[in-house]
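Let me begin by presenting the structure, written as structure tokens, before commenting on it.
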Amino acid sequence: MRLRNSRQQWGLVAMAFHWAIALMILGMIPLGILAANWRLSPTKLELFFWHKSFGMLILALVVLRLLWRLFNRPPALPEDMPGAERFLAGISHALLYALIIAIPLSGWVINSAANFPFKIFGLVRLPNIVDPSKAVQQLASDVHLALIITLGVLLTVHVAAALRHHWVKHNDVLSRMVPGLKPPPQARTGKVT
Ligand code: HEM
Ligand code: HEM
């Protein structure tokens, strides 16, 4: 398997970014809910330590992923895909990228406004990006939650669209993103419905 994308295939690097970030985000949602609702105790601080550390790691990975994408265009969509669907795929992917940047950024604002000294994985001090303020902290916390709910809705559509490509349209859009998944037989013989 190649590192870079080709016209037909995602490369190893793009797939590794997609799945590493997807798995981390899916883990971060229960971790965030658990941390926010835990009673004040050393365990709560520890849950937040991992939540914020992985959240900042996700932010860094998304930036690297977008840089990689800038110099390495995605493979082409199936030729018979209607224009409206191509447009929706483009918009929804752009929105997903915007959300996975805005969610950790809003978390960073909560931490800054709370003026909570924090070192990512105990190694790198997280600088404050806003001045301490209870009101800003509350606002950023509401924004963090609203963005996560939006992400949940969009991800449901994203996964449904991926499954539709495989099971209904019988093309290779899902199989070329999932290592080891075979394309539907119709896609392999070129008879795509
Ligand atoms: C937190 C979870 C996820 C996030 C944030 C996410 C985000 C994204 C983004 C931004 C893209 C566009 C890639 C690009 O054009 O650079 C993409 C592509 C894709 N995703 Fe996800 N994804 C997630 C989970 C999933 C899951 C669970 C599936 C499968 C069921 C999936 C299937 C796909 C497929 C098949 C593509 C390739 C589309 C194409 O070839 O144009 N994703 N994803
Ligand atoms: C993709 C990354 C992230 C995801 C998916 C995520 C998800 C969540 C979720 C689901 C909650 C619980 C929501 C609630 O009960 O209000 C939460 C809360 C929280 N998150 Fe994140 N988070 C991410 C990144 C970050 C980062 C980078 C930070 C800080 C540097 C952070 C700081 C917080 C804080 C302080 C809370 C508690 C909010 C409150 O007290 O209302 N998060 N997060």
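The values are calculated or read from the model by the stated rules, or taken from the named source; none is laboratory data. Keep in mind the model is a prediction, meaning the values are calculated, not measured. Heads up, the Cβs are rebuilt from the backbone with ideal geometry, glycines too, and the neighbour counts pull from every protein chain shown.
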List every residue pair whose Cβ atoms sit under 7 Å apart, with the two residues 6 or more apart in sequence or on different chains, where the first one lies in segment 165-191 and is among the hydroxyl-bearing types (Ser, Thr, Tyr) and the second, anywhere, is at pLDDT 90 or above.
-> Ser175/His166; Ser175/Leu181; Ser175/Lys182; Ser175/Pro183
Taking only pairs six or more apart or across chains, which ones have beta-carbon atoms under 6 Å, a first residue in segment 13-37 that is modelled with pLDDT of 95 or more, and a second residue that is within 7 Å of ligand 2 (Cβ to nearest atom) and not hydrophobic (A, V, I, L, M, F, W, C)?
-> Leu31/His51; Gly32/His51; Ala35/His51
Scan (1) of a type outside the set (Phe, Trp, Tyr); (2) touching a Phe, Trp or Tyr at 6+ places or on another chain (Cβ under 6 Å); (3) farther than 14 Å from Ile25 by Cα for the single condition Ser53 breaks and write down its number.
-> (3)
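Only one of Arg73, Arg69 is loosely packed, with under 14 Cβ neighbours inside 10 Å and within 30 Å of Pro184 (Cβ to Cβ). Can you tell me which?
Numbers: Arg69 fails: loosely packed, with under 14 Cβ neighbours inside 10 Å.
Matching residue, one of Arg73, Arg69: Arg73.
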Consider Leu139 carefully, then state whether it is under 30 Å from Leu45 (Cα atoms), within 16 Å of ligand 1 (Cβ to nearest atom) and either among the basic types (Lys, Arg) or in contact with a helix residue (DSSP H, G or I) (Cβ under 9 Å, 6 or more places away or on another chain) (or both).
-> no
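Looking only at segment 25-49, filter to residues that are more than 7 Å from ligand 2 (Cβ to nearest atom) and among the aliphatic types (A, V, I, L, M); which one of those is surrounded by the fewest Cβ atoms within 10 Å (Cβ to Cβ)? Outline the logic, then answer.
The initial filter retains those residues of segment 25-49 that are more than 7 Å from ligand 2 (Cβ to nearest atom), namely 26-27, 30-31, 34, 38-47, 49.
From what's left, among the aliphatic types (A, V, I, L, M): 26, 31, 34, 40, 45, 47.
Details: Leu26: 11, Leu31: 17, Leu34: 14, Leu40: 7, Leu45: 12, Leu47: 19.
That would be Leu40.
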Lone qualifier among Ser92, Ser53, Ser112, Ser133 - being under 26 Å from Ala160 (Cβ atoms) and not β-branched (Val, Ile, Thr) = Ser92
Quick one: Lys52 ticks every box in (1) among the charged types (D, E, K, R); (2) closer than 21 Å to Val124 by Cβ; (3) surrounded by fewer than 16 Cβ atoms within 10 Å (Cβ to Cβ) bar one, so which box is it?
-> (3)
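Please verify whether segment 120-133 includes one or more residues that are surrounded by 19 or more Cβ atoms within 10 Å (Cβ to Cβ), more than 24 Å from the chain's Cα centre (by Cα) and either within 11 Å of ligand 2 (Cβ to nearest atom) or over 19 Å from Leu23 (Cα atoms) (or both). First the steps, then the outcome.
Of the residues in segment 120-133, the ones surrounded by 19 or more Cβ atoms within 10 Å (Cβ to Cβ) are none.
No: zero hits.
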